[in-house]
Amino acid sequence: MPRPAPTRRLPGLLLLLWPLLLLLPLAAPDPVARPGFRRLGTRGPEGSPGRRPSSVAPDGAPASGASEPGRASGAGVCKSRPLDLVFLIDSSRSVRPLEFTKVKTFVSRIIDTLDIGPADTRVAVVNYASTVKIEFQLQAYTDKQSLKQAVGRITPLSTGTMSGLAIQTAMDEVFTAEAGARGPSSNIPKVAIIVTDGRPQDQVNEVAARARASGIELYAVGVDRADMQSLKMMASEPLEEHVFYVETYGVIEKLSSRFQETFCALDPCVLGTHQCQHVCISDGEGKHHCECSQGYTLNADKKTCSALDKCALNIHGCEHICVNDRSGSYHCECYEGYTLNEDRKTCSAQDKCALGTHGCQHICVNDRTGSYHCECYDGYTLNADKKTCSVRDKCALGSHGCQHICVSDGAASYHCDCYPGYTLNEDKKTCSAIEEARRLVSTEDVCGCEATLAFQEKVSSSLQRLNTKLDGILEKLQVNEYGQIHR
């Protein structure tokens, strides 16, 4: 909009010095000391679209320690949220070429503070005066460099300040899916920043209200003679967070740091406010989620962790047996008769016969399954305990004591018999020749009882000596046999 003509001519020297005077910091009264208005507004922790709270001095300037562009205080803590961001810049004739360059620098500096990309922030620019021109749409550029180059190519339009028409155009033709805006399901905020230095020449109240009702968040930046009431009519609530003012275009660039804070999303993982028991994962946009260390699972509260039962989940890899440990881990074991291999998961058959732990009384036989079974020597049978043995044929064992012949009568019973020409003595084990018996009887007095008794006593004494010797021999044989079995 055209500036009013001066009422009087300035002296020549003053005309020469006037550009320098404009650059000096003037102690002019603050034009923003009005209800519902702040010079450099910031968003609180509950503001949309989310940002890092900052301390603000009473006069609206950054308090000591407040972050500025390039300050390390925000590094790693603050990340810009994805936005669909549209700049509506006034390029009417009241905005001089050098001032319009300052506006473009302001836009570029805000772009520098954002994460630009298809999945991050998308930027469009609407240039307006008496007409409206969409310089580029949201989907046009996906990196900062090309965006800033496109901003640098923008040129002013003409006279007039049709702010309402600019908002309507942005609503109808820029914040659309066809132009690159993302839908409601994405939860990506739609934000418009209007920069103007004059009073709108059309009705902005109703169109701005419709834009806000459609979900567009409106920020109004006034410069120099901007109409405060119009700025408040355009901006979203609360006004103290959405209306900004600077005295000249020369200082508009300072607002870029405030918009950086406004569009900043806190990283609770870096701040340590996440309350995750194990691991905090930043998702961007100030969001995060919790995860658990290996061997643990996330509880229903999405913050704490419980030891994972890998054995129950059957993801342990143990060939035989999985045993849970209290630490949330596990170890593998093997069935009886097997030993754990070096990989601590698989098992190999164990030779219990070689280890001597089998318990077999006679013979241990290895099976291919890693187990074993017991067997008995010839003449023995395996008892019900499958380990010890009982005599099956004492005649075969040779421990029967028969002098001549052992005759088996069953499982463990036998009787002795004699060779032909011999007779079984009364001990039922030894034998005597029939002719010898007769000779002895005749020699001693065949008819006398004394001779018979003497013969029987002699034979019995001889048999007892013989049995004693046999018993000693058998006992030694059994001791020797037992020692061989248990070696």
>> Being touching a strand residue (DSSP E or B) at 6+ places or on another chain (Cβ under 9 Å), among the small types (Gly, Ala, Ser) and open to solvent by less than 10 Å² (accessible area, probe 1.4 Å): is that true of Ala140 here?
In response: no
>> Anything in the stretch 182-212 that is open to solvent by 80 Å² or more (accessible area, probe 1.4 Å) and part of a loop (DSSP other than H, G, I, E, B)? List them, or say none.
In response: Asn187, Arg199, Gln201, Gln203
>> So, Glu336, is that one open to solvent by 60 Å² or more (accessible area, probe 1.4 Å), without any contact (Cβ under 8 Å) to a residue 24 or more places away in the chain and not assigned by the TED database to the domain that holds Gln277 or not?
In response: no
>> Looking at (1) modelled with pLDDT of 80 or more; (2) open to solvent by 50 Å² or more (accessible area, probe 1.4 Å), which one does Asn341 not meet, given that it meets all the others?
In response: (2)
> Is one or more of the residues making up the stretch 159-178 in a helix (DSSP H, G or I), open to solvent by 50 Å² or more (accessible area, probe 1.4 Å) and under 24 Å from Cys264 (Cβ atoms)?
Replying inline: no
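Aliphatic (A, V, I, L, M), modelled with pLDDT under 95 and touching an Asp or Glu at 6+ places or on another chain (Cβ under 9 Å) - does that describe any residue in the stretch 180-187? So that I can check it myself, show each step before the final result.
Of the residues in the stretch 180-187, the ones aliphatic (A, V, I, L, M) are 181.
If we keep only those that are modelled with pLDDT under 95 as well, we get none.
No, every residue in the stretch 180-187 fails to be aliphatic (A, V, I, L, M), modelled with pLDDT under 95 and touching an Asp or Glu at 6+ places or on another chain (Cβ under 9 Å).
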> Any idea which of (1) surrounded by 15 or more Cβ atoms within 10 Å (Cβ to Cβ); (2) at pLDDT below 80; (3) under 26 Å from the mean Cα position of the chain (by Cα) is the one Ala312 doesn't satisfy?
Replying inline: (1)
>> Is it the case, given these coordinates, that Leu271 is at pLDDT 90 or above, surrounded by fewer than 20 Cβ atoms within 10 Å (Cβ to Cβ) and more than 30 Å from Tyr330 (Cβ to Cβ)?
In response: no
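Could you please let me know if Cys431 is surrounded by 15 or more Cβ atoms within 10 Å (Cβ to Cβ), at pLDDT 80 or above and touching a Cys at 6+ places or on another chain (Cβ under 8 Å)?
Working: surrounded by 15 or more Cβ atoms within 10 Å (Cβ to Cβ): yes; at pLDDT 80 or above: yes; touching a Cys at 6+ places or on another chain (Cβ under 8 Å): yes.
Spelling it out, Cys431 is indeed surrounded by 15 or more Cβ atoms within 10 Å (Cβ to Cβ), at pLDDT 80 or above and touching a Cys at 6+ places or on another chain (Cβ under 8 Å).
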>> Every residue in the stretch 395-434 that is in a strand (DSSP E or B), in contact with a helix residue (DSSP H, G or I) (Cβ under 8 Å, 6 or more places away or on another chain) and not polar (S, T, N, Q), please.
In response: Cys406, Val407, Tyr414, Tyr422
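The values are calculated or read from the model by the stated rules, or taken from the named source; none is laboratory data. Quantities reported herein were computed from a predicted structural model and do not represent experimental measurements. Positions of Cβ are backbone-derived with ideal geometry, glycine not excepted, and every protein chain shown enters the neighbour counts. Accessible surface areas use protein heavy atoms only, side chains included; no ligands, DNA or RNA. Shrake-Rupley method; radii C 1.70, N 1.55, O 1.52, S 1.80 Å.
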